[in-house]
Amino acid sequence: MKGKFLMIYALGIGVSMFSAPLFAHHGNAAYDTDKKITVKGTVTQWIWSNPHCMLQLDVTDDSGQSVHWIAETENPSTMTRNGWTEKSFKSGDQVTVTAIPLKNSRPVGRIIEVVTANGEKLSGIRVPQTGSDSPTAYPK
Amino acid sequence: MLRRFVALGVVLAALIFSPLMRSQSAPPQSATTNDQVAAPAARAIDGWGRPVPAPAKDQKSAPAPHHDISGTWEPANGALDGLGIFGAKGMPEDGKPEHQLPFTPLGLEALSRMKPTFGPRSVLPADTNDPVVYCDTQGIPREDLNQLRTTQILQTPSSVVLLYQFGKVWRVVWTDGREIPKEPEPRWYGYSVGKWVDDYTLVVQTSGTDERTWVDHVGRPHSADLHVEERFHRVDQDHLELTVTLDDPKMYTKPWVALDRFPMRLQPPSFDIREMICSPSEIAEYNRLIGNTASDKGTQ
């Protein structure tokens with residue numbers, strides 16, 4: 001079943017709604033932290049590894065074109081604390097991914113939340129913009 | 001005029017975000033609720049499939065044992081409190097005047113060569129020269145200042161051994177009275193000796209660290225003359241505080257406190273520390289799929 005394409009670009013106007021994505025190794029310079037997107041698609045691979053887990057999915061856009069997306073989280077150790085496991089997804093699963101997009105508009109995102117076909121929600125990790133506070137789970 | 005503009009911006013933001021906010025605030029549709037996510041320890045499992053123990057709140061701790069910091073410790077204010085992604089938690093690189101480090105001219109020049117992936121000087125993933133990204137080990141003091149996660153401490157009659165989750169690395173602090181070598185061959189983790197200054201405080205001195213390591217995640221530099229003092233203070237049975245002070249006259253005009261009484265909490269003896277290994281093959285795969293794409297270098 002083809003995933004229904006749904007993409008919402010939301011510009012932060014006046015108020016910054018999101019904090020920087022958390023990269024253990026790799027910073028947030030590539031991400032547009034004032035935006036978020038939502039895509040709905042079919043999982044092709046779930047990579048449970050360091051430095052960051054990666055959820056690959058095929059998304060069908062409004063023109064019927066299939067677009068391959070990759071959405072990343074933190075490492076397995078961190079994600080385990082949020083209830084994620086190596087078995088959270090399998091190929092063929094239908095998921096809705098909300099993520100922070102790349103500045104260059106390539107189909108890669110930083111996961112805020114994933115909703116599975118049965119409605120289960122898995123939250124990503126967010127961090128403040130400064131080093132004074134601690135990271136927390138989305139949503140906040 | 002400005003007020004009107006700001007008000008308009010807020011209204012527009014509210015309108016644009018309202019569908020998203022509605023979807024995020026929808027009632028939970030399964031056993032996985034937002035409340036559970038907010039308290040992830042309640043349902044997290046360890047590598048053995050067992051629940052990760054949640055910290056016992058409002059439980060009075062027993063007095064600290066003498067000359068003993070052994071045990072498995074986690075950041076007390078959340079497992080990610082020691083990430084230090086904006087640099088040393090005591091002096092994050094955030095532009096605040098009180099966090100400006102006392103760089104020497106040489107220190108500033110060295111700083112300018114560092115290309116971190118976080119902070120105001122951050123670069124794209126493919127452009128960084130952060131040694132940790134390429135699986136170089138963190139060394140001391142970065143082990144304390146970046147990715148300080150679950151840490152197991154073992155004690156023997158002559159040493160204290162620290163096992164760090166990040167990178168799955170360990171180091172030895174000698175407590176047998178020896179002194180740091182006068183002209184040490186540089187090592188990633190340097191040479192560490194420890195001394196109990198009272199019944200509850202172990203002070204560790206480290207020198208001889210490899211200049212290739214960064215002080216923290218935003219690339220604060222150090223020279224071969226770096227001297228690190230770590231002060232492990234056991235507050236009570238369940239709590240440990242770590243203070244880290246750096247002294248490097250070549251790079252900084254005066255010593256500075258990089259970590260100030262960072263709190264850690266004792267975990268049950270059965271606590272399983274999950275692996276966090278920097279695997280070159282996994283890094284390569286990450287860069288192929290995301291890092292290069294994010295940096296407009298190559299394709300998926």
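Yes or no, residue by residue, for (1) outside any loop (DSSP other than H, G, I, E, B); (2) within 11 Å of chain B (Cβ to nearest Cβ); (3) farther than 13 Å from A:GLY109 by Cα:
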position: A:GLN45; (1), (2), (3): yes, yes, yes
position: A:PRO51; (1), (2), (3): no, yes, yes
position: A:ILE70; (1), (2), (3): yes, yes, no
position: A:SER77; (1), (2), (3): yes, yes, yes
position: A:TRP84; (1), (2), (3): no, yes, yes
position: A:PHE89; (1), (2), (3): no, no, yes
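Please return the ranges of strands (runs of 3 or more DSSP E) entirely within the stretch B:181-276 where 1 or more residues are without any contact (Cβ under 8 Å) to a residue 24 or more places away in the chain.
Qualifying strands (runs of 3 or more DSSP E): B:191-198, B:227-236, B:239-247.
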Only one of (1) over 23 Å from B:TYR164 (Cα atoms); (2) surrounded by 21 or more Cβ atoms within 10 Å (Cβ to Cβ); (3) at the interface with chain B (Cβ under 7 Å from one of its Cβ atoms); (4) not charged (D, E, K, R) does not apply to A:LEU57, and that is (3)
Every listed condition ((1) of a type outside the set (A, V, I, L, M, F, W, C); (2) surrounded by fewer than 16 Cβ atoms within 10 Å (Cβ to Cβ); (3) away from chain A (no Cβ under 14 Å)) holds for B:GLY190 save (2)
Residues of the stretch A:79-119 being modelled with pLDDT of 95 or more and on the phi > 0 side of the Ramachandran plot, in sequence order, are A:GLY92
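Of B:ILE290, B:ILE273, B:ILE283, which residue is within 14 Å of chain A (Cβ to nearest Cβ), β-branched (Val, Ile, Thr) and under 30 Å from B:PRO63 (Cα atoms)? If you could, list the steps in order and put the result at the bottom.
On the way: B:ILE290 fails: under 30 Å from B:PRO63 (Cα atoms); B:ILE283 fails: under 30 Å from B:PRO63 (Cα atoms).
Result: B:ILE273 is the single residue among B:ILE290, B:ILE273, B:ILE283 that is within 14 Å of chain A (Cβ to nearest Cβ), β-branched (Val, Ile, Thr) and under 30 Å from B:PRO63 (Cα atoms).
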Given the conditions (1) surrounded by 17 or more Cβ atoms within 10 Å (Cβ to Cβ); (2) in a strand (DSSP E or B); (3) free of Cβ contacts under 8 Å to residues at least 40 places away in the same chain, every one holds for A:GLY41 apart from (3)
Taking the stretch B:63-92 and the residues there that are within 14 Å of another protein chain (Cβ to nearest Cβ) and among the charged types (D, E, K, R), the one that is nearest to B:LEU162 (Cα to Cα) would be B:GLU74
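Please find, within the stretch B:120-147, the residue that is surrounded by the fewest Cβ atoms within 10 Å (Cβ to Cβ) out of those that are under 18 Å from B:ASP94 (Cβ atoms) and at the interface with another protein chain (Cβ under 10 Å from one of its Cβ atoms). Reasoning before the result, please.
First pass over the stretch B:120-147, keeping only residues under 18 Å from B:ASP94 (Cβ atoms): B:120-123, B:145-146.
Now narrow it down to the ones that are at the interface with another protein chain (Cβ under 10 Å from one of its Cβ atoms): B:121-123, B:146.
Numbers: B:ARG121: 16, B:SER122: 24, B:VAL123: 18, B:ASN146: 26.
For the stretch B:120-147, the residue satisfying everything is B:ARG121.
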Exception for A:VAL95 within (1) within 22 Å of B:GLY291 (Cα to Cα); (2) crowded, with 22+ Cβ neighbours inside 10 Å falls at (1)
A:GLY124 passes all but one of the listed conditions (1) within 25 Å of B:ARG149 (Cβ to Cβ); (2) at the interface with another protein chain (Cβ under 8 Å from one of its Cβ atoms); the exception is number (2)
Restricting the stretch B:79-130 to residues that are touching an Asp or Glu at 6+ places or on another chain (Cβ under 9 Å) and of a type in the set (Gly, Ala, Ser), the one farthest from B:THR245 (Cα to Cα) turns out to be B:ALA126
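The values are calculated or read from the model by the stated rules, or taken from the named source; none is laboratory data. Computed from a prediction, not measured in an experiment: that's the story for all the values here. We place every Cβ from the backbone using ideal geometry, glycine too, and count neighbours over all the protein chains shown.
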